[in-house]
1. May I ask you to compute the full-extension gain from Thr156 to Gln131, defined as 0.36 nm times their residue separation minus their alpha-carbon distance, rounded to one decimal in nm?
2. Take region 2-155, drop everything but the C-alpha atoms, weight them equally and run the Debye formula without solvent; then report log10 I(q)/I(0) at 0.11, 0.13, 0.18 Å⁻¹ to two decimals.
3. Calculate the radius of gyration of the Cα atoms of region 182-221 to one decimal place, then report Dmax, the largest Cα-Cα distance, as a whole number, both in Å.
4. Positive end of the dipole of region 78-189, charges at C-beta (+1 Lys, Arg; -1 Asp, Glu), about the Cα centre: which of Ala126, Val109, Ala142 has its Cα farthest in that direction?
5. Which entries of Lys233/Lys254; Lys206/Lys254; Lys165/Lys257; Lys165/Lys254; Lys180/Lys257; Lys151/Lys206 show an alpha-carbon separation above 26 angstrom in the structure shown?
6. Would you mind computing, in nm to one decimal, how far apart the modelled labels at Thr71 and Asn221 are, each placed 7 Å from Cα along Cα→Cβ?
7. Which percent of Cα-Cα pairs in region 114-192 sits in each 10 Å bin, short to long?
8. On alpha carbon coordinates alone, what is the Rg over Rh value for region 61-129, Rh being the Kirkwood radius?
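Computed from the coordinates by the stated procedures, all read-outs in this text should not be read as laboratory data. Please read these numbers as outputs of a predicted model, since none were measured by experiment. Cβ sites come from the backbone with ideal geometry, for glycine too, and all protein chains shown count toward neighbours.
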Amino acid sequence: MMRGASCIAVAVLAAFMADPANAADVKIGVIYPLTGNAASAGQSARDAVHLGADIVNNANPDLKNLPLGATAGLPHLGGAKIVLDEADHQGNPQIGQQQTLRLITQDHVAAMLGSYHSSVSLVATAVAERQGIPYLVADSVATNITGRGFKWTFRTTPIAPDFAKAYADFLTQLKQSGRKVDSIVIVNENTDYGTSVAASLVQAAKTANIPVAAQIPYNANSSDVTAQVLQLKTLNPDAVIFVSYTADIILYFKTMKNLNYLPPIIIGDDSGFSDPSFIPNVGDLARSTAAPSTSASWDRTATSSTRCSSGNTAAISTTPAPAGWRASSCSLTPSTAPARPNRTRSRRRCVRPISSPTS
């Protein structure tokens, strides 16, 4: 809820910067993948944006600490309301480019918000830049999106090198604790998202002196990943880092089960792993890993004894844990030390391991 409202607040601020004299309702263009291989994630993001707009448009005295939460409408624009103008980019950069241009030139939105896929955000922000319209990138991590000197592009999420460093730190700590981490493999979808994160992972691993046995790029729309899983099985790394969207990571897990392969450690780079549809689709394959962030509950009784047993899969994700918690290799335990600023923490906890492959 806070993330959706905060993104709306930033988008409104950007729109106000572009046209501060406009006291009419503020129309914001929103593009997400509402169909395609990441439709569930896109629909979830869309729901969050709708919730944010609802919070801004209506008075919520109980949310006085949330930006624009306590008042009804936009106080500096005479109570103007937010109107959302939505489009489905289907995970296709060309469609995203076309829809962004349509929303700006035909629907005359004051600002843009989106778009989950880094490949779409890359081209959509270029369209908005040419039109002089603010574009808030809320959840795309490819480094080059905000590395082009654009005036009208804003981003509120960590970027690829931030995640890569967190994973390298995690693996280094595991190694220091006695866990075998002599080689890793990076499996990434091959658009801007996966390519950017994978490149950052290679660099972070090199800096941390962690050997990368292979980098395996693939098409996220693939219907068969048998060859890639067989390559993993042959390489037999100590850890596999997946940089994947929803449908493809589900396919990977089912294929790993069919081929009776289980990496000792799996790290999921959020995205498909954090999609609410991930666990319902993989069922028991997700046991001994992480529950999705939309349905997981924090268990303050969790201790280090609830970690995954040796030989099962440990998993981490890239969203912060609540204050007072720290992440072990596969569990959350109360932390006696204050959290360090900007430190990526796990937002998930493990459940009892079973014999099935896990993530």
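1. Values: separation 25, 0.36 × 25 = 9.00 nm, distance 2.13 nm.
Full-extension gain reported as 6.9 nm.
2. -0.38, -0.53, -1.00
3. Considering region 182-221 through its Cα atoms, Rg and Dmax are 10.2, 33 Å.
4. Of the candidates, Ala142 comes out farthest on the positive side.
5. Numbers: Lys233/Lys254 14 Å; Lys206/Lys254 31 Å; Lys165/Lys257 29 Å; Lys165/Lys254 29 Å; Lys180/Lys257 23 Å; Lys151/Lys206 33 Å.
As for pairs spanning more than 26 Å Cα to Cα, those are Lys206/Lys254; Lys165/Lys257; Lys165/Lys254; Lys151/Lys206.
6. 4.6 nm
7. Percent of Cα pairs in each bin: 17, 39, 22, 16, 6, 1.
8. Numbers: Rg = 15.1 Å, Rh = 13.7 Å.
Ratio value, two decimals: 1.10.
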